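The values are calculated or read from the model by the stated rules, or taken from the named source; none is laboratory data. Keep in mind the model is a prediction, meaning the values are calculated, not measured. In this analysis, Cβ positions are derived from the backbone assuming ideal geometry, glycine residues included, and neighbour counts consider all displayed protein chains.
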Amino acid sequence: MEISPDNIVIYAREPIVLNATILFTWITMGLLVGLSVWVTRQLSLRPQLPPWQNGLEMVVDGICTQIREITQQDPEPYLSFVGTLFLFIITCNLLTVVPGYHAPTGSLSTTAALALCVFVAVPIFGIRQQGLGRYLKSYLEPTPIMLPFQIIGEFSRTLALAVRLFGNIMSGNLLAAILLSLVPLFVPIVMHVLGLVFGVIQAYVFSVLALVYIASASSVQQQNHHVSTQENDL
Amino acid sequence: MSDLAVIGAVAMVMAGLTIAIGSIGPALGEGWAVARALGAIAQQPDKANVITRTLFVGLAMVESTAIYCLVVSMILLFVNPFWNHFKGG
């Protein structure tokens with residue numbers, strides 16, 4: 001029993017070793033990019049929208065609405081990064097219904113790479129929005145005594161992001177495989193559906209957490225302001 | 001018992017214990033969180049969207065401790081580092 005698609009080697013000739021993770025990552029990327037390119041090549045402004053354009057606009061608009069509701073800010077700077085994370089993870093997780101497809105998110109190397117992207121993106125967004133000095137100063141925020149904990153927190157939440165996504169997807173696949181050998185009729189289908197639900201939730205959670213980390217690093221003052229206005233609303 | 005037998009037995013017992021003990025806390029926590037969220041939705045049905053969203057994110061964070069236990073027990077069972085150490089050496 002393979003617990004990671006890293007171990008499934010599809011093509012091996014000495015300099016190049018192609019495992020299932022790389023192959024299916026590229027398939028997913030090709031699918032997403034190809035679909036987007038194909039749809040955006042024939043954009044129109046007429047009242048009769050092509051159905052694919054309508055669907056794509058719904059997706060992008062939905063992501064924008066979610067970002068605006070969560071960060072209480074303009075979604076534009078976060079849209080490309082967080083939206084890409086969400087679409088990639090959810091496509092990986094949903095394509096597991098296709099027989100023979102191994103979700104790349106079920107491998108720790110993929111999820112670690114995604115979490116590292118978030119780890120790098122947090123200071124980039126933070127420095128771009130409030131400058132190097134104010135970003136570094138936010139580490140000393142309540143008191144300088146908390147500095148080590150802030151730094152440990154940066155690393156541990158990256159680890160948590162990676163292991164959370166990997167653990168959920170991997171356990172879903174493993175459970176389905178074990179149940180297939182125990183009760184091959186009907187029960188694996190139910191677990192598979194449950195796995196799909198968890199896949200969607202985990203994609204959502206991963207991108208929301210990435211968004212929260214980035215947004216909290218990039219605008220401390222603004223958020224305090226919004227918290228106070230929210231309290232006034234209540 | 002040989003070294004390998006001891007390691008195998010201990011790994012199996014500990015994998016079970018890890019997931020058993022490790023799931024108690026998150027289970028209690030998640031149940032508590034869902035109960036409070038349901039109460040909040042019952043009191044303020046118009047805020048259900050915000051509450052549900054926060055609940056999902058919070059549940060995923062609570063659940064991650066259970067997932068760590070799962071990963072540790074998987075490591076113990078399938079890719080036990082000490083197994084190869086004693087098998088080879």
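Observations on the structure shown:
- Any chance A:GLU57 is under 20 Å from the mean Cα position of the chain (by Cα), assigned to a helix (DSSP H, G or I) and within 14 Å of another protein chain (Cβ to nearest Cβ): no
- Residue in the stretch B:29-36 that is in a helix (DSSP H, G or I), surrounded by fewer than 12 Cβ atoms within 10 Å (Cβ to Cβ) and among the basic types (Lys, Arg) present: no
- Residue in the stretch A:51-65 that is among the small types (Gly, Ala, Ser), touching a helix residue (DSSP H, G or I) at 6+ places or on another chain (Cβ under 9 Å) and buried (at least 16 other Cβ atoms within 10 Å of the Cβ) present: no
- Among the candidates A:LEU31, A:LEU56, residue that is without any contact (Cβ under 8 Å) to a residue 40 or more places away in the chain and either of a type in the set (A, V, I, L, M) or closer than 30 Å to A:SER216 by Cβ (or both): A:LEU56
- Of residues in the stretch A:155-208 being surrounded by fewer than 21 Cβ atoms within 10 Å (Cβ to Cβ) and hydroxyl-bearing (Ser, Thr, Tyr), the one nearest to A:GLY106 (Cα to Cα): A:SER171
- Given (1) under 21 Å from A:GLY199 (Cα atoms); (2) modelled with pLDDT under 90, number of the condition A:LEU95 does not satisfy: (2)
- Test: residue in the stretch B:40-50 that is assigned to a helix (DSSP H, G or I), at pLDDT below 85 and within 14 Å of another protein chain (Cβ to nearest Cβ): no
- For the stretch B:54-71, a residue qualifies if it is more than 12 Å from the chain's Cα centre (by Cα) and within 7 Å of another protein chain (Cβ to nearest Cβ), and the qualifying residues are B:PHE56, B:VAL57.
- One residue stands out among those in the stretch A:67-87 that are within 14 Å of chain B (Cβ to nearest Cβ) and either in contact with a Ser or Thr (Cβ under 6 Å, 6 or more places away or on another chain) or without any contact (Cβ under 8 Å) to a residue 60 or more places away in the chain (or both): the one that is nearest to B:LYS47 (Cα to Cα), which is A:GLU69.
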